[in-house]
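S.K.: Attaching a single structure in structure tokens format; questions to follow.
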Amino acid sequence: RAFLDEVIASREDPAVHQLELVEASGPVVVVVAEVLQDEAACVPQLRERPVRRLELLLLERHPRFRISLHYSGSLLEWMETHQPSFFLRLRRLVERGQVELLTGGFYEPMIAFIPETDARGQIGFLTNFLKERFQIHPRGIWLPERIWNTNFPKIFAPLGLKYTIVDDALFRQVG
């Protein structure tokens with residue numbers, strides 16, 4: 001509970017401050033997946049700004065809490081070179097099982113709109129990067145803009161991926 005209170009207090013989005021946490025009598029599972037965009041890797045004036053992620057500090061202080069994160073490959077490469085202390089902290093959290101890294105397209109393409117061979121290549125590229133740097137095989141994949149395509153299962157399954165995150169609006173639209 002303390003972790004969630006800190007996360008909510010740290011957010012700039014006013015909608016987050018309207019969340020109401022309810023006490024539960026049993027174990028509570030909170031699914032949190034955060035996507036960190038390539039702003040530092042793509043925008044030159046942001047390149048020298050330190051990558052400060054309050055979430056890492058909160059996770060380090062609350063070792064029982066777990067989170068799934070997705071970073072594009074280009075952002076991870078940039079952080080490994082320009083923010084090595086952040087990269088090492090992230091690696092430690094992954095090693096202790098507190099952070100699950102999601103795969104995706106290395107350069108964050110709109111997977112639904114590129115040829116399947118290119119999609120497999122992009123996903124494989126980031127998956128291999130995560131294996132090499134973090135010694136993990138991702139189980140989940142992040143879809144940019146959470147756009148679903150019915151061909152995805154035949155792309156994802158051979159890559160060993162077990163789940164993705166989709167926009168809940170998709171479920172509401174289909175009843």
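S.K.: Taking 0.36 nm per intervening residue step and subtracting the Cα-Cα distance, what contour gain separates N149 from S85 on full extension?
M.R.: 19.3 nm
S.K.: Here is a further query. Once fully extended, how much extra length lies between Q135 and K162, figured as 0.36 nm per residue of separation less the alpha-carbon to alpha-carbon distance?
M.R.: Values: separation 27, 0.36 × 27 = 9.72 nm, distance 1.79 nm.
Fully extending the segment from Q135 to K162 adds 7.9 nm.
No value in this document is a laboratory result; all are computed from the given coordinates. What you are looking at is a predicted structure, and each value in this text was computed from that prediction instead of being measured.
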